[in-house]
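Have a look at the structure below, then the notes.
The values are calculated or read from the model by the stated rules, or taken from the named source; none is laboratory data. As the structure is a computational prediction, the values presented were derived from the model and not from experiment. Cβ placement follows ideal geometry from the backbone for every residue including glycine, while neighbour counts extend to all protein chains displayed.
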Amino acid sequence: MESENKVVDFFLGANSPKGFAGYFSELSKPDEDYREFVIKGGPGTGKSSFMQQISDELKDKDDFIERIHCSSDANSLDGVICHKAKVSIADGTAPHIIEPSFPGAYQTVVNFSEFWNEDSLYEKRVNIRDSFIKNKKLHERCCRFLQAANSLLTDSYLIALDCTDSLKIAKFAKRLAQREFGSKKGKGAKENIRLLSAVTPSGVKTYFDTVLKMCDKVFVIKDDFGASSRILLSVLRKILLESGHEIYTCYCPLNPNEKIDHIIIPELSIGFVTTNKFVVEDFEPYRVINFSRFTDIDRLKLKKQRLSFNKKAATELIEEAVSILKMAKASHDELEKYYIQAINFDQVDYKQKEVLEKILQRYKLA
């Protein structure tokens with residue numbers, strides 16, 4: 001990654017077949033001397049705007065800033081990481097509740113509930129309660145559709161896996177690593193966990209611009225079934241970590257604990273991204289790796305009808321999940337109105353300046 005200032009975009013949480021899945025512990029790095037500001041407050045109280053404004057203030061001072069987006073509304077932020085200052089800012093409210101492990105020492109709670117008129121919220125308590133419940137149920141329904149879609153996609157993955165030459169992939173991965181990664185050895189290995197894609201109210205969103213900003217070489221792995229890409233990226237991840245590299249491992253939002261979809265190696269300026277029916281690249285790749293080179297295609301064709309059914313049904317289920325998320329966002333927007341009417345934004349602005357000043361002090365130490 002070049003030294004010029006970069007602002008990149010990721011997710012750290014998303015709706016998944018097993019409910020909301022997140023990696024928000026990535027925002028807290030006391031072992032690396034990061035300071036974390038955890039914002040508490042209701043919807044519509046200015047948490048995302050607060051983080052966006054601070055990010056805008058710091059983008060010319062920091063050479064690498066990560067904006068962490070909300071999968072329920074990609075225009076909203078859940079967090080910001082400023083790497084030069086070693087500062088992170090996080091929305092610590094549900095569904096990604098954050099409780100400081102070292103309060104005051106490494107983490108500071110910024111409490112926006114101090115700035116709202118509780119009497120105003122109390123008067124609207126029934127509407128607020130009903131909106132919260134409605135929003136929660138919509139997200140639960142969305143996850144059930146994702147679970148159904150993932151069951152079909154898993155069936156296709158297992159069919160493809162049975163036709164995949166894993167040994168051939170492993171040999172290919174080792175040759176690729178020797179050519180592209182060099183022979184670095186050391187103890188400096190570091191893994192950052194992120195999501196590059198998520199199911200959002202506007203569809204499946206992938207931040208390809210992030211990869212293009214961080215990498216000069218982007219390898220695209222075209223794999224509709226996820227068998228070849230899963231094996232290839234797992235082998236590459238192991239090689240990279242054993243060689244002492246820092247990597248960004250980006251998991252699949254439908255399988256956030258097992259399936260790697262993308263890997264970014266900033267120090268080598270190399271990225272690997274998986275594309276398929278739902279994630280389609282919109283750029284010219286350095287090289288394309290097609291799953292077919294590792295697959296017995298004739299054998300796979302014997303399952304063509306089943307694979308076609310799975311693909312069509314999964315697509316419709318994910319589209320319905322997106323539709324439900326649109327309803328959830330509309331519900332959340334209604335909920336925000338109650339809090340917007342009750343919050344004192346002058347006090348929020350004052351608090352932002354106070355936090356910004358503390359962060360600026362970190363740059364003087366950097």
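Hey, does segment 146-154 have a residue that's among the polar types (S, T, N, Q), touching a strand residue (DSSP E or B) at 6+ places or on another chain (Cβ under 6 Å) and surrounded by 20 or more Cβ atoms within 10 Å (Cβ to Cβ)? Spell out the reasoning first.
Taking segment 146-154 first, the residues among the polar types (S, T, N, Q) are 147, 150-151, 154.
Adding the requirement that they be touching a strand residue (DSSP E or B) at 6+ places or on another chain (Cβ under 6 Å) leaves none.
No, the conditions are met nowhere in segment 146-154.
Which residue pairs have Cβ atoms closer than 6 Å, lie 6 or more positions apart in sequence or on different chains, and pair a first residue in segment 33-51 that is assigned to a loop (DSSP other than H, G, I, E, B) with a second residue that is basic (K, R)?
If the second residue must be basic (K, R), the pairs left are D33/K86; Y34/K86; G41/K47.
Would you pick out the residues in segment 268-292 that are free of Cβ contacts under 8 Å to residues at least 24 places away in the same chain and assigned to a helix (DSSP H, G or I)?
So the first thing to find is which residues in segment 268-292 are free of Cβ contacts under 8 Å to residues at least 24 places away in the same chain, and the list is 280, 284, 292.
Selection gives S292 alone.
Could you go through segment 80-98 and let me know if any residue there is of a type in the set (S, T, N, Q), in contact with a strand residue (DSSP E or B) (Cβ under 7 Å, 6 or more places away or on another chain), within 30 Å of K29 (Cα to Cα) and modelled with pLDDT under 95.
Just the residues of segment 80-98 that are of a type in the set (S, T, N, Q), to begin with: 88, 93.
Filter again for in contact with a strand residue (DSSP E or B) (Cβ under 7 Å, 6 or more places away or on another chain), leaving 88, 93.
Still in the running and within 30 Å of K29 (Cα to Cα): 88, 93.
Cutting the leftovers down to modelled with pLDDT under 95 gives us 93.
Looking for residues that are of a type in the set (S, T, N, Q), in contact with a strand residue (DSSP E or B) (Cβ under 7 Å, 6 or more places away or on another chain), within 30 Å of K29 (Cα to Cα) and modelled with pLDDT under 95, one finds at least one in segment 80-98, hence yes.
For segment 242-261, which positions are of a type in the set (A, V, I, L, M) and either touching a Ser or Thr at 6+ places or on another chain (Cβ under 8 Å) or at pLDDT below 95 (or both)? Break it down stepwise before answering.
Taking segment 242-261 as the starting set, the residues that turn out to be of a type in the set (A, V, I, L, M) are 247, 254, 260.
Answer for segment 242-261, where residues must be of a type in the set (A, V, I, L, M) and either touching a Ser or Thr at 6+ places or on another chain (Cβ under 8 Å) or at pLDDT below 95 (or both): L254, I260.
Exactly one condition in (1) farther than 26 Å from V8 by Cβ; (2) under 25 Å from the mean Cα position of the chain (by Cα) is false for P256; which is it?
Condition (1) is where P256 drops out.
Condition first: surrounded by fewer than 21 Cβ atoms within 10 Å (Cβ to Cβ) and within 17 Å of C82 (Cβ to Cβ). Now tell me which residues in segment 5-34 satisfy that.
Of everything in segment 5-34, those that are surrounded by fewer than 21 Cβ atoms within 10 Å (Cβ to Cβ) and within 17 Å of C82 (Cβ to Cβ) turn out to be N5, K6, V7, D9, F24, E26, S28, K29, P30, E32, D33, Y34.
Count, please, the residues in segment 322-366 that happen to be assigned to a helix (DSSP H, G or I), closer than 27 Å to F132 by Cα and among the aliphatic types (A, V, I, L, M).
The qualifying residues number 10.
Of the residues in segment 255-267, how many are over 23 Å from A149 (Cβ atoms) and part of a strand (DSSP E or B)?
So in segment 255-267, the residues over 23 Å from A149 (Cβ atoms) come out as 263-267.
Narrowing the set further to residues that are part of a strand (DSSP E or B) leaves 263-265.
Counting residues in segment 255-267 that are over 23 Å from A149 (Cβ atoms) and part of a strand (DSSP E or B) gives 3.
Only one residue in A94, A74, A85 is of a type outside the set (V, I, T) and either surrounded by 23 or more Cβ atoms within 10 Å (Cβ to Cβ) or more than 28 Å from G19 (Cα to Cα) (or both). Which one?
Working: A94 fails: either surrounded by 23 or more Cβ atoms within 10 Å (Cβ to Cβ) or more than 28 Å from G19 (Cα to Cα) (or both); A74 fails: either surrounded by 23 or more Cβ atoms within 10 Å (Cβ to Cβ) or more than 28 Å from G19 (Cα to Cα) (or both).
Within the list A94, A74, A85, the selection yields A85.
With the condition kept exactly as written, say whether any residue in segment 123-131 is touching a strand residue (DSSP E or B) at 6+ places or on another chain (Cβ under 9 Å) and assigned to a helix (DSSP H, G or I). Break it down into steps so the answer makes sense when it comes.
Initially, segment 123-131 is screened for residues touching a strand residue (DSSP E or B) at 6+ places or on another chain (Cβ under 9 Å), giving none.
No; the residues of segment 123-131 include none that is touching a strand residue (DSSP E or B) at 6+ places or on another chain (Cβ under 9 Å) and assigned to a helix (DSSP H, G or I).
Quick one: which residue in R306, R287, R299 is exposed (fewer than 15 other Cβ atoms within 10 Å of the Cβ), closer than 23 Å to T164 by Cα, at pLDDT 95 or above and in contact with a strand residue (DSSP E or B) (Cβ under 9 Å, 6 or more places away or on another chain)?
Numbers: R306 fails: in contact with a strand residue (DSSP E or B) (Cβ under 9 Å, 6 or more places away or on another chain); R299 fails: in contact with a strand residue (DSSP E or B) (Cβ under 9 Å, 6 or more places away or on another chain).
Result: R287 is the single residue among R306, R287, R299 that is exposed (fewer than 15 other Cβ atoms within 10 Å of the Cβ), closer than 23 Å to T164 by Cα, at pLDDT 95 or above and in contact with a strand residue (DSSP E or B) (Cβ under 9 Å, 6 or more places away or on another chain).
Does segment 294-308 contain at least one residue that is within 19 Å of I159 (Cβ to Cβ) and assigned to a strand (DSSP E or B)? First the steps, then the outcome.
Residues of segment 294-308 that are within 19 Å of I159 (Cβ to Cβ), as a first pass: 294-308.
Cutting the leftovers down to assigned to a strand (DSSP E or B) gives us 295.
For segment 294-308, residues within 19 Å of I159 (Cβ to Cβ) and assigned to a strand (DSSP E or B): present.
Which one is farthest from I324 (Cα to Cα), of the residues in segment 52-81 that are part of a helix (DSSP H, G or I) and of a type in the set (D, E)?
So in segment 52-81, the residues part of a helix (DSSP H, G or I) come out as 52-58.
The next check asks that each one be of a type in the set (D, E); those that pass are 56-57.
On the way: D56: 32, E57: 35 Å.
So, considering only residues that are part of a helix (DSSP H, G or I) and of a type in the set (D, E), the one farthest from I324 (Cα to Cα) is E57.
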